[in-house]
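The values are calculated or read from the model by the stated rules, or taken from the named source; none is laboratory data. This is a predicted model, so every value here is computed, not measured. For neighbour counting, all protein chains shown are included, and Cβ atoms are generated from backbone atoms with ideal geometry for every residue, glycine included.
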Amino acid sequence: MHDWSGRRYAVGRPARELAGTDRAVPAARAVAAVSAIGVLQFGYGAAVPLLVAAHGWSPAAALLPFALWALVQGGSAWPIARLRERGLLPPARAIVAGAPLCAAALAAVGLGGGLGWMLLAYALVGGLGAGLVYHSGVHVVAAWYPERPTTPAVWAGAGFALGAVPLVVGLSLAQPAHLAAAPWLGVAVACVVAAAGAGLRTPPPRWWPPETDPRDWALRRREPVACYDHSAAQAWRSGALPGLHAVVALAGAAALVNLAVLPMLLADRGLAPGAVAAALAVLVASSGLGRAAAGRWGERVGRRRILVAALAAGGAAQFGLACAALTGSAAALVLLAIPAGIGGGCCYPLTRTLAHDFFGSRDSADIPGLVYSAKALGGLAGVGGAAALIALAPHAGPVLCLICAGLAGLGAAAVAARLRRPVPIRTLPL
């Protein structure tokens, strides 16, 4: 079946014939796998004070594995997507393969060893494992719901954050000796991920559910589909793809700086462990719920508008977080953590869907993977830059990091406000 622009849709068998169950079941399994590995990103920052106390590392050195982890996890998006599109790495196989890698990363936290061991096991091995599970899980959810590109897929991203909330609270209240339980956590994570990924099915390429007419869907007015499918080179030349890259890099840097620096700053300022746990739990939960809300409101109001508003609010909240940390106001920290978390979380699902709206779905592996891969630059600049600032200015460094995160968030909002859908130009021959 073709729509008004000539785009093809494979309107075929119902999901029950393809997967043996309703399509919500494989989507829920993918969300469960992604939720289990969220502890690798959202839990590391809360563990930094414990790692410093347990191993005698400097705070700057303790951040290096997280910076390299973000580089590997974000940078693996495009290669994993390419292998999947060529049939070399199906989502089920990728998720199952990522399970032991994530377990090895968590085991490295509890078994000790030098910084080099953490860089190898947590950053490289764990980053690859998290990339395999995350990128494959998000693809599975989006593939089963092509007519709703934002709403269902964002729940995978939301689960990525919400699944880590209990651990973040526990780490904020824990002692260095409790890190010995990390290998057992790794075993539990591996079991959940492997069980969720084993036998996970995906629909055929360009599959469309028979209960929805794609021709009517293509005529939506709020967020119309791309007028034609762009190649990656065409998308880059249009200027919109570099803009999305900049948004993800800047917003990702701000969000990762929050996760890396805020636990350390609050602990150094002598806040009560309960206040630290509350602020971090609200930050991570807001990131997850912000991803879920972004899908719903983006389809109603417009994705670019929601993205700009969330990034601007999140960037401004960084300056408030710095002031609240300096004054020791627990209530202000909790309140300001809400917009900071939302701003950092909603960026990824909205930019992924904007890429689909702007450039079409022909190169479904290339373009969304290229957009998300900008997180690698954000992680390297954000967490790596934070480590450098803290090494140069141990006392003022964490506050300066939050100020820089605020500037990055506002910069991302400014770039997002200038994003425009590529318009094809046709000329008459002379």
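General remarks:
- Taken together, the criteria place ALA195 among residues that are free of Cβ contacts under 8 Å to residues at least 40 places away in the same chain and out of contact with any Pro (no Cβ under 8 Å at 6 or more places or on another chain).
- Scan of the range 282-317 for residues that are in contact with a Ser or Thr (Cβ under 7 Å, 6 or more places away or on another chain) and basic (Lys, Arg), ordered by number: ARG296, ARG303
- Here the range 84-94 is the region considered, the condition is being under 10 Å from SER136 (Cβ atoms) and hydrophobic (A, V, I, L, M, F, W, C), and the residue that is nearest to the chain's Cα centre (by Cα) is ALA94.
- Selection status of ALA77, surrounded by fewer than 20 Cβ atoms within 10 Å (Cβ to Cβ) and either free of Cβ contacts under 8 Å to residues at least 40 places away in the same chain or closer than 30 Å to PRO204 by Cβ (or both): no
- Subset tally (residues that are touching a helix residue (DSSP H, G or I) at 6+ places or on another chain (Cβ under 6 Å) and not in a helix (DSSP H, G or I)) for the range 323-368: 3
- Residue within the range 312-322 that is in contact (Cβ under 8 Å) with a residue 40 or more places away in the chain and either over 25 Å from VAL261 (Cβ atoms) or not in a helix (DSSP H, G or I) (or both) present: no
- Breaking point among (1) closer than 23 Å to TYR372 by Cα; (2) buried (at least 23 other Cβ atoms within 10 Å of the Cβ), for LEU336: (1)
- If the condition is being touching a residue at least 60 places away in the same chain (Cβ under 8 Å) and hydrophobic (A, V, I, L, M, F, W, C), then the range 94-107 contributes ALA94, ILE95, VAL96, ALA99, CYS102, ALA103, ALA104, ALA105, LEU106, ALA107.
- Among the residues of the range 129-172, those that are β-branched (Val, Ile, Thr), at pLDDT below 85 and buried (at least 23 other Cβ atoms within 10 Å of the Cβ) comprise THR150, VAL154.
- Of everything in the range 343-372 that is among the acidic types (Asp, Glu) and farther than 16 Å from VAL138 by Cβ, the residue that is modelled with the lowest pLDDT is ASP363.
- Answer from VAL31, VAL52, VAL96 - the residue that is farther than 20 Å from ARG201 by Cα, modelled with pLDDT of 90 or more, in a helix (DSSP H, G or I) and β-branched (Val, Ile, Thr): VAL52
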